[in-house]
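Written below as structure tokens is the structure these notes are about.
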Amino acid sequence: MTAVAEDEPPSPELLRKFIDGGRAWVHVDEQDVPVAYALAELVDGCAHIEQVSLDPAHSGKRIGAGLVEHVADWARTQHAEALTLTTFTDVAWNGPYYERCGFRWLAEGELTPGLKEIRAAEAAHGLDRWPRGCMRREL
């Protein structure tokens, strides 16, 4: 999965859209250095977690889980019914991790139009070279 690791980060313009929309959150360390962030958007009445990224040097500290919970708190203020995300199914720090955070895999028939659109864009970007799926956690 070198191609995924080497993929460009979101553009400053895209990040600005999330920031200006109040849909970007950053976790900083004791020195006020950013070590993780989360991006979310509303998709089909749910808060869709677009991205959670964490500096691997800070893994195991529940920072990612804390960001997911922060997104869940924001989602409740938006009256979202659930959290959704797309991720790799067989990568330990993706699908299985999110299952431990209370997410479940969605069957193809459960995908909303917005999730289908997201998956199509991911496939066009080449992410389907590895198994991916959609997940949901009720709020």
| Considering only DSSP beta bridges whose two residues both sit in the chain, what percent are antiparallel, to the nearest 5? | 90
| said: Exposed loop sites here are GluC sites (Glu not before Pro) in DSSP loop states with at most 16 other C-beta atoms within 10 Å. What is the longest stretch of the chain lacking them? | reply: 82-139
| field | Dipole-positive endmost among CYS46, LEU15, THR89 within region 7-117 (Cβ charges, Cα centre) | value | CYS46
| message | Just to verify a number: FRET efficiency for CYS101 and ILE19, C-beta to C-beta distance, R0 = 35 Å, to 0.05? | response | 0.90
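Only four residue types carry charge here, +1 at the Cβ of Lys and Arg and -1 at the Cβ of Asp and Glu. Report the dipole size of region 28-114 about the Cα centre in Debye, rounded to the nearest 20.
Working: 5 positive and 14 negative charges, 46 e Å.
Once rounded to the nearest 20, the dipole reads 220 debye.
What's the extension gain from ALA57 to ASP29 if we count 0.36 nm per residue and subtract their Cα-Cα distance? Kindly include the intermediate steps, with their values, before the conclusion.
On the way: separation 28, 0.36 × 28 = 10.08 nm, distance 1.12 nm.
Gain in length upon complete extension: 9.0 nm.
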| If one computes the Cα centroid of region 31-53 and of region 60-126, what distance in Å separates the two points? | 10
| message | Tell me the relative contact order for the chain as a rounded percent, counting alpha carbon contacts under 8 Å between residues six or more apart. | response | 21
| Using 0.36 nm per residue, how much length does the chain from GLU108 to ASP44 gain when fully extended, once their Cα-Cα distance is taken away? | 21.5 nm
| remark: Calculating Cα extents along the principal axes in Å from this structure picks out, from (1) 44, 33, 22; (2) 38, 36, 25; (3) 46, 37, 32, entry (3)
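Rule-based calculations on the coordinates, nothing more; no lab input. This structure is a prediction, so every number in the text was calculated from the model and none was measured. Because the Cβ atoms are built from the backbone with ideal geometry, glycine has one as well, and the counts that use them run over all protein chains shown.
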